[in-house]
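Sharing a structure, written as structure tokens. Questions coming.
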Amino acid sequence: MSISIQTYLHKQTKAAPLAVFRVLFGLLLVVSMIRFWYYGWIEKLYLLPNFHFHYYGFEWVQVPGNWTYALFFICGLSALFFAIGFKYRISILVFFLSFTYIELMDKTTYLNHYYFVSLMAFILMWLPAHRHFSVDSFLNKSIRVEFIPKWNIDALRLMISIVYISAGLAKLNGDWMYKALPLGIWLRDKIDMPIIGQFMDERWLHYLFSWGGAVYDLFIVFLLLWSRTRVIAFIVVLLFHFLTKAMFPIGMFPYLMIVASLLFFSNSFHTRLLKGISKVFRIPYEAFCNGMKLTASTFFSRAALLILPLFFLTQLLVPLRSHLYAGNLFWTEQGYRFSWRVMLMEKTGYANFKVVDRVSGKQFYVQNEDFLTAFQQKQMSTQPDFIVEYAHYLGDHFKSQGHQNVQIFVESYASLNGRLSQPFIDPTVDLLTVKNSFKAKSFILPLRND
Amino acid sequence: MSKLHFLLCLIFFFAVACGGDNMEGEGPPETENNSFNRGEMLAFWADDIIIPAYSDHVEGLDILLESMNAFYANPSQSSLNDFRDAYLSSYQTWQQVSIFEIGKAEEIGLRNFMNIYPANEELIENNLNSQDFNLVLPSNFAAQGFPALDYLLYGIEDTDETIIQLLTSENGRVYTEALVNRIRDLNTEVLTDWNDGFRDEFVSNDGSSATASTDKLVNDFLFYYERFLRAAKVGIPAGKFSTNTEPSRVEGFYSMNFSKQLFQGGFSAVQDFFNGISFRTGRQGISLRQYLEHIHMTADTEVDLAAAINEQWQSAESQLVGVNNNFQEQILEDNPAMEALYYELQDAVVLLKVDMLQALNIQVDFVDADGD
């Protein structure tokens, strides 16, 4: 057993796939950062709101005012630096920290693919991605190698596999498989699309896409791993992601996943790609093909072999935490995030907050648009932890305005995957008496018509 | 093999390079099938509801201007009455266009200049006396539009005689003319824009993203319903957003007996827009109601949402029957009836904002950030 592990850990492969991934992943993130800035989202999502929703345990992460632009600049610059492999160890660390900080500033903007970026950057921090086809190894011959231990690439592949397979397993639920929801809701107004638009209103197409999506997520990794199906699998990857890109506003996500799937390609493919790129940019690529292997154990390789197994263990466990809670997961969203549950539900909500003076009984309603942006209102009204956090914010606000004996109640309704709206949070619970925690939220009313 | 790989890479980079953020289909819209056509709905909204409603409103404002000029040509009780009548009827026609804060109206922020109430009496008097005012400034929202006119025509003095005196004073005349001209000019500007190309822009933007016309106007519609109809006209004066009732915050506070009529105007406009009642012909066309019915039929949903929404509005209408023409009086004498009206309107918010938005897959306003 331990011998076979040792043999595996010493197995060498070309460094080219890791270098290709570093370059493309980094450049995509540079584009992401510029795009985010260009669209004015820094201002819209972080500077305009008066209040931000925090992740449990990360309440200390604050939006640094106008310095947020500097934060994005540093994030984009570090992505560029690690893409070209310049001061790699520092730049990937700075990228991981700045990107993750940005994501932690407001959970309103939570997206699975941002989380994926953070995780991939975390893994990359421990890998020798700068020892081939990089500025660092160009300037410093002593770190330059042509071969690296294969587990470095397998670590990234494992992460991608976890994402796809978890996403596939999550699709195996009643709404997705037997009602073709929420896809049915999303597809039926896409009748303007070329060719397939005319079928977008048809139920069979909704089922085809739902089942096709589940099969894709569950099996694509295996098809990419096997060399005989790899090319056809990659064509499917392209089709899948450009189709979803054409239908939904999913930003950079398809490109990320396409770049990630290149990691499954052969050494010769990546070598040829690097040669091609080198030709265009007049880089003497042969210099990197020095026949050297990375065999010595370094600080980072020792750390990686200690940290990455623990990391993957948590990656397997975190998506399973939702099973610790009773009730419909989509309804309560206890343990929903960080679990690769992608596009699984259409949920809309409405939350009308009532401020009550416990002694005099006087009460009034809150106009949410006075405190939250439209986007924040949308996210808040369907997620119980948002509702609690906002209620506490309202409590503090009205207390500071001189109101006394403040109680906050909410009359809320939500609709899940086409079900008729129904009461969401117990309207008799003073939300100032409850707190966000990992404990089950007893004030969520059960979903009827589950 | 290697050629194939190279080809795949080419496809990939080409796709990345071309993959804009608006991958709207370029093919001709499909007309053969029975799919619901958002473009047709937008055309009906523009041609049968929005533009005719604005035309009617602007015609009313021309009459308002004429009657004001007639009043200044010959100030008397009778010409004051005509002026007031023209004011009231144009305040009424305002209710039928206030929902449509899109295009030019959105750009100039029309509603802020037309109907921010309660009017700021002190500001109005300062502006009038100092003759140093700039109505373009946001700080003057509450010193212009219909509420300010309401104050000048009914509230600034105690008797009609003294009101005539004030209106015909040098300062009074300058300010009154400024207000009426501004109301007329801004609304005319919006109507002109609809007729000069915005109509086509509006109708052709028939996609289903956050910036598509359907999504934008439905969001505007819901925003109007929730904030300007439910809250401003009923909820706020009835004290639903404060610890005490605020009867002085009713619409048309100085003219007294018209707050119910103004509310009814806005509420009818809401229902007609939802049901697709043509402003021109009074016949039913294609609107949110038909859209919801189409989905109910094709997607086999639990309930007929359009019917549920109309039913809820019917109970609001029944509640309204017993309410005083003067909302202020109603609140002072019997606020629970006013609160009951508020709750009837409120119950429809859930059906509209939760169930309808989900059924129609309408994106929330202004948020075009990524999803996954």
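The values are calculated or read from the model by the stated rules, or taken from the named source; none is laboratory data. As the structure is a computational prediction, the values presented were derived from the model and not from experiment. Here the Cβ positions follow ideal geometry from the backbone for every residue, glycine too, while neighbour counts run over all protein chains shown. With ligands, DNA and RNA removed, areas are computed over all heavy atoms of the protein, side chains included. Shrake-Rupley method; radii C 1.70, N 1.55, O 1.52, S 1.80 Å.
Ignoring ligands and nucleic acids, what accessible area does B:Glu246 show with a 1.4 Å probe (Å², nearest 10)?
50
What number of lysine-lysine pairs in segment A:327-450 show an alpha-carbon separation below 16 angstrom, given a sequence spacing of 8 or more or placement on distinct chains?
4
Using only helices, what value at 222 nm comes out for the protein assembly as shown when you add -39,500 (n - 2.57) per DSSP H run of length 4 or more and divide by the total residues, to the nearest 500 deg cm²/dmol?
Value at 222 nm, helices only: -17500 deg cm²/dmol.
Taking the Cα centre of the protein assembly as shown as origin, work out the dipole magnitude from +1 charges on Lys and Arg Cβ and -1 charges on Asp and Glu Cβ, in debye rounded to 20.
Charge dipole of the protein assembly as shown: 6860 debye, to the nearest 20.
Let me ask something else about it. As I understand it, the dipole of chain A uses +1 on the Cβ of Lys and Arg and -1 on the Cβ of Asp and Glu, about the Cα centre. Which of A:Asn405, A:Phe53, A:Tyr8 lies farthest toward its positive end?
So the residue furthest toward the plus end is A:Tyr8.
Order the peptides A:280-288, A:151-159 from the highest to the lowest mean number of other Cβ atoms within 10 Å of their residues.
Packing proxy ranking, top to bottom: A:151-159, A:280-288.
Sticking with this structure for a sec: Highest GNM mean-square fluctuation, chain B, Cα pairs closer than 10 Å: which of B:Leu128, B:Leu64, B:Leu42?
B:Leu128
Taking amide H positions as placed in the peptide plane 1.01 Å from N, state which residues far from A:Ile425 in sequence (5 or more) or on other chains have amide H under 5 Å from it.
Here A:Ser412, A:Leu445 satisfy the definition.
Still on this model: Return the average number of partner chain Cβ atoms within 10 angstrom of each residue Cβ along peptide B:90-103.
For peptide B:90-103, the averaged partner shielding equals 0.
Using only the Cα atoms of segment B:92-207, what are the Rg and Dmax in Å?
16.3, 57
Ignoring ligands, DNA and RNA, how do B:Arg184, A:Arg131, B:Arg283 rank by accessible area with a 1.4 Å probe, largest first?
B:Arg283, B:Arg184, A:Arg131
Can you work out the Karplus-derived ³J(HN,Hα) for every residue in segment A:105-118? Use 6.51 cos²θ - 1.76 cosθ + 1.60 with θ = phi - 60°, whole Hz, and x for glycine or proline.
Calculated HN-Hα couplings, in order: 5, 8, 6, 4, 8, 3, 9, 4, 6, 5, 4, 4, 4, 4 Hz.
By how many nm would the segment from A:Glu411 to A:Arg203 lengthen if fully extended, with 0.36 nm per residue of separation less the alpha-carbon distance?
Here the segment from A:Glu411 to A:Arg203 would lengthen by 71.4 nm.
So, one more: List the residues, sorted by chain then number, that are 5 or more residues from A:Lys87 or on another chain and whose placed amide H is less than 5 Å from its amide H.
Under 5 Å from the amide H of A:Lys87: A:Asp136.
Additional query: Using a 1.4 angstrom probe with every protein chain in place, what is the largest-first accessible-area order of A:Leu48, B:Leu123?
These residues rank, largest area first, as A:Leu48, B:Leu123.
OK, next. Go ahead and set up a Gaussian network model of chain B, Cα springs under 10 Å, then flag whichever of B:Gly145, B:Gly235, B:Gly282 fluctuates most.
Maximum among the listed residues: B:Gly282.
Could you work out, residue by residue across A:179-188, how many beta carbons of other chains sit within 10 Å of that residue's beta carbon, and then give the average as an integer?
Counting Cβ atoms of other protein chains within 10 Å of each residue's Cβ and averaging gives 3.
At what distance in nm do the modelled label points of B:Val321 and A:Ile34 sit from each other, each positioned 7 Å from its Cα along Cα→Cβ?
It is 6.6 nm.
Net charge near B:Arg283, counting Lys/Arg +1 and Asp/Glu -1 over other residues with Cβ under 12 Å of its Cβ?
Local charge sum for B:Arg283: -1.
What is the distance, in nm, between label points placed 7 Å from the Cα along the Cα-to-Cβ direction at A:Ser142 and at B:Val303?
7.5
Just want to confirm a number: the relative contact order over chain B, from Cα pairs under 8 angstrom separated by 6+ residues, in percent.
Across chain B, relative contact order equals 20 percent.
Assuming R0 = 45 Å, what is the FRET efficiency of A:Leu80 and A:Thr433, from their Cβ-Cβ distance, to the nearest 0.05?
Taking R0 as 45 Å, the efficiency between A:Leu80 and A:Thr433 is 0.35.
State, to one decimal in nm, how far the label point of A:Asp426 lies from the label point of A:Leu317, with both points 7 Å from Cα in the Cβ direction.
About 3.0 nm, to one decimal.
Between segment A:189-206 and segment A:105-154, what's the alpha-carbon centroid distance in Å?
Centre-to-centre distance over Cα atoms comes out at 40 Å.
Here's something else I'd like to know. Identify all aspartates and glutamates with a Cα-Cα distance to B:Lys104 below 13 Å; exclude those on the same chain that are fewer than 8 residues away in sequence.
B:Asp185, B:Glu189, B:Asp193, B:Asp196, B:Glu201
Right, here's the next one. Excluding ligands, DNA and RNA, what is the accessible area buried between chains B and A, summed over both sides, using a 1.4 Å probe, to the nearest 100 Å²?
5700
Of all beta bridges DSSP finds with both residues in the protein assembly as shown, what is the antiparallel percent, to the nearest 5?
Percentage antiparallel, nearest 5: 95.
Continuing with the same structure: Could you go through segment A:195-203 in sequence order and give the Karplus-derived ³J(HN,Hα) for each residue, using 6.51 cos²θ - 1.76 cosθ + 1.60 with θ = phi - 60°, rounded to whole Hz, and x for Gly and Pro?
Karplus values, whole Hz, x for Gly and Pro: 6, 7, x, 5, 9, 4, 8, 9, 5.
Report, please, the projected area of segment B:36-360 averaged over directions, based on the convex hull of its C-alpha atoms, in nm².
Taking a quarter of the hull surface, the average projection is 17.0 nm².
Here is a follow-up. Calculate, in nm to one decimal, what A:Ile307 and A:Asn66 gain on full extension: separation in residues at 0.36 nm each, minus their alpha carbon distance.
Length difference between fully extended and current span is 83.2 nm.
I need the phi-derived Karplus couplings for segment A:34-46: 6.51 cos²θ - 1.76 cosθ + 1.60, θ = phi - 60°, integer Hz, Gly and Pro marked x.
Working through the residues one at a time gives 5, 4, 4, 5, 4, 6, x, 6, 4, 5, 5, 8, 10 Hz.
Right, another one. Among residues other than A:Phe364 whose Cβ falls under 9 Å from its Cβ, what is the net charge (Lys/Arg +1, Asp/Glu -1)?
+3
Could I ask something else about it? Beyond 30 Å, what share of the Cα-Cα pairs of chain A is found? Please give it as a whole percent.
Across chain A, Cα pairs with separations above 30 Å total 52 percent.
What FRET efficiency, computed as 1/(1 + (r/R0)^6) with R0 = 51 Å and r the Cβ-Cβ distance, is obtained for A:Leu169 and A:Gln12, rounded to the nearest 0.05?
The pair A:Leu169/A:Gln12 has a calculated efficiency of 0.95.
Using a Förster radius of 60 Å, what is the FRET efficiency between A:Asp450 and A:Lys293 based on their Cβ-Cβ separation? Nearest 0.05, please.
0.60
Suppose we look only past 38 Å in the calculated P(r) of the protein assembly as shown. What percent of the Cα-Cα pairs does that tail hold?
50
Let me ask you something else. Figure the gain on full extension for B:Thr243 and B:Tyr72 (residue separation times 0.36 nm, minus the Cα-Cα span) and round it to one decimal in nm.
57.1 nm
Hey, another quick one. Which residues' amide hydrogens lie under 5 Å from the amide hydrogen of B:Ile277, considering only partners 5 or more residues apart or on another chain, with H built in the peptide plane?
It is B:Gly285, by chain and number.
Another one. List the lysines whose alpha-carbon lies under 17 Å from that of A:Lys275, not counting same-chain residues fewer than 8 positions away?
A:Lys14, B:Lys3
Angle check, please: helix B:288-299 long axis (alpha carbons) against the longest principal axis of chain B (alpha carbons), in degrees 0 to 90, nearest 10.
That works out to roughly 30 degrees.
What does the charge count near A:Phe86 come to, summing +1 for each Lys or Arg and -1 for each Asp or Glu among other residues with Cβ under 14 Å from its Cβ?
Result for the neighbourhood of A:Phe86: +3.
When the Cα centres of segment A:209-240 and segment B:50-114 are compared, how far apart do they sit, in Å?
Taking the Cα centre of each part, segment A:209-240 and segment B:50-114 sit 63 Å apart.
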